[in-house]
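The values are calculated or read from the model by the stated rules, or taken from the named source; none is laboratory data. Every value quoted in this text rests on a predicted model; they were computed, and no experiment measured them. Glycine also receives a Cβ, built like all others from the backbone with ideal geometry; neighbour counts cover every protein chain displayed.
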């Protein structure tokens, strides 16, 4: 396997991974990244721009999506990665394997909004993903995290209390936490419709 070019230093660091199509990136993505950065006490958040999403029919230009993520993720702890394009990867499970191989001493945490968590059980090898890295789910407007979801049922035993969120990056997976907070209502779908 070709070695990934990482967006920043990794060894010994607590790094959140925010994957998405970012079609386009918007304030809701930034809200999720900043919430995780602060509440999980991470050193950095890497925005992983998906090469394509098998669950979506409209991807848009990879270059435009990468540029929109770079325009938004401007804080010193925010970096944007094109690892999926570098290595011709499509599935999160493979992207995580490549990142863990390239940075074995990093403490990665997968970050997603509650809207993405609702469909997590449709991702390829979602249970493997949950056993590869701890997961942080951040509240999103109009989406409540249901206890009836396949993910929340299957990994109910691995849930941390929200008050213990700062421990997540040091946990052995499976481990996850749900972070509630003020919601940012922006969505990529709404922004595309407004165009």
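Being part of a strand (DSSP E or B), buried (at least 20 other Cβ atoms within 10 Å of the Cβ) and at pLDDT 95 or above narrows it down to one of 37, 17, so name that one. Working first, answer last.
Numbers: 37 fails: part of a strand (DSSP E or B).
Exactly one of 37, 17 is part of a strand (DSSP E or B), buried (at least 20 other Cβ atoms within 10 Å of the Cβ) and at pLDDT 95 or above, namely 17.
For residue 94, are the conditions met, namely being under 23 Å from residue 119 (Cα atoms) and at pLDDT 95 or above? Give the derivation first.
Details: under 23 Å from residue 119 (Cα atoms): yes; at pLDDT 95 or above: yes.
Yes.
Look at segment 68-92 and say how many of its residues are surrounded by fewer than 16 Cβ atoms within 10 Å (Cβ to Cβ) and assigned to a helix (DSSP H, G or I). Even if it seems obvious, please write down each step before you answer.
Pass one, segment 68-92, residues surrounded by fewer than 16 Cβ atoms within 10 Å (Cβ to Cβ): 71, 74-76, 85-86, 88, 90.
Among the residues that remain, those that are also assigned to a helix (DSSP H, G or I) are: 71, 85-86.
Number of matching residues: 3.
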Return yes or no: is residue 37 touching a helix residue (DSSP H, G or I) at 6+ places or on another chain (Cβ under 8 Å) and in contact (Cβ under 8 Å) with a residue 12 or more places away in the chain? no
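Do you know which residues across segment 113-155 are in a strand (DSSP E or B), surrounded by 19 or more Cβ atoms within 10 Å (Cβ to Cβ) and in contact with a helix residue (DSSP H, G or I) (Cβ under 6 Å, 6 or more places away or on another chain)?
Within segment 113-155, 113, 136, 137, 138, 140 meet the criteria.
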Residue pairs meeting the criteria (Cβ under 7 Å; at least 6 apart or on separate chains; first on the phi > 0 side of the Ramachandran plot, in segment 118-135; second assigned to a helix (DSSP H, G or I)): 125/93
Where the second residue is at pLDDT below 95 and the first is in a strand (DSSP E or B) and lies in segment 166-181, which pairs have Cβ atoms under 6 Å and are six or more apart or on separate chains? 178/145
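Residue 64 - would you say it is in contact (Cβ under 8 Å) with a residue 40 or more places away in the chain, surrounded by fewer than 18 Cβ atoms within 10 Å (Cβ to Cβ) and in a helix (DSSP H, G or I)? Working first, answer last.
Working: in contact (Cβ under 8 Å) with a residue 40 or more places away in the chain: yes; surrounded by fewer than 18 Cβ atoms within 10 Å (Cβ to Cβ): yes; in a helix (DSSP H, G or I): yes.
When the stated conditions are applied, residue 64 passes them.
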Could you tell me whether any residue of segment 99-109 is more than 17 Å from residue 10 (Cα to Cα), in contact with a helix residue (DSSP H, G or I) (Cβ under 9 Å, 6 or more places away or on another chain) and modelled with pLDDT of 95 or more? no
